[in-house]
């Protein structure tokens, strides 16, 4: 079965540094999402993206965050100046526009971001 | 999106049916009930969803009460690999955000 992939699996950075988390959604999917999960807490929605623009974003997704689809396959999340509280597992997800599985969001394995 | 209430944890013996309840008494007419699970910090995995009719797929069955205020996810023959946190989510529309609660931690034991 097709999968969402994410790189790197683990990213360690210093506070104040910029990080880019990368995702390759399933190839025929057109909706893309980022979620995060701080250790021991709920999975939280960050942003959804369709047709090269943000569809919806949460309060967490402030000016420090940005998303981009730089080419036909990658979907990235950038954090401009990381804070300690950005330490979390970041999950990318994608879903179809049309098809038999439009109601499913397919999640990647996650990138664990550690900010020191 | 409507709020859901789930028990924090449940146990189930391997090979037995696991019945996970969810209360969503404020569900709106256009909202669907979705179930996802998360195995040990992996990415959440879609299980099943429904509007008002009962649904079954290769993973599970979903029973929705007639008034749609509650539902039950049934794993007919639980295995150790079904140990996970199960999330009941109510939302309208396909391409919209998932709002995760704290879910039910299902422990399947020998």
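Odds and ends about this structure:
- Other protein chain Cβ atoms within 10 Å, averaged over every residue that makes up B:39-46: 6
- Order of A:57, B:69, B:91 - criterion: other Cβ atoms within 10 Å of each residue's Cβ, fewest first: B:69, A:57, B:91
- Modelled this way, with points 7 Å down the Cα-to-C-beta line, the labels at residue B:40 and residue A:50 are 3.6 nm from one another.
- Note on residue A:38 and residue B:67: with the Förster distance fixed at 41 Å, the Cβ-Cβ geometry gives a FRET efficiency of about 0.70.
- Computed on chain A, with alpha-carbon pairs under 8 angstrom and 6+ residues apart, the relative contact order is 38 percent.
- Candidates B:70, B:61, B:28: whichever shows maximal mean-square fluctuation once chain B is modelled as a Gaussian network with Cα springs under 10 Å: B:28
- Sequence of B:80, B:75, A:97 once ranked by neighbouring C-beta atoms within 10 Å, starting from the fewest: B:80, A:97, B:75
- Where only C-alpha atoms are counted, convex hull volume of segment B:5-110 per residue in Å³: 94 Å³
- Cα centroid separation - segment B:46-81 against segment A:19-75, whole Å: 28 Å
- Normalised alpha carbon radius of gyration of segment A:5-50 [divisor 2.2 N^0.38 Å]: 1.34
- Counting, for every residue in A:32-44, the Cβ atoms of other protein chains within 10 Å of its Cβ and taking the mean gives 3.
- Mean separation of Cα contacts under 8 Å, 6 or more apart, over the residue count of chain B: relative contact order %: 37 percent
- Hydrodynamic radius of segment A:31-94 per Kirkwood, over alpha carbon pairs, in Å: 12.2 Å
- Antiparallel DSSP beta bridges within segment B:1-105, as percent of all bridges there, nearest 5: 95 percent
- Counting neighbouring beta carbons within 10 Å and listing from fewest to most, the residues B:58, A:68 come out as B:58, A:68.
- Gaussian network model of chain A, springs between alpha carbon atoms under 10 Å - residue of A:37, A:17, A:105 with greatest fluctuation: A:17
Laboratory data are not the source of any read-out in this text; all were calculated from the coordinates shown. The model shown is predicted, which means the values in this text are computed figures rather than measured ones. Reconstructed Cβ throughout: ideal geometry from the backbone, glycine too, with neighbour counts over all protein chains shown.
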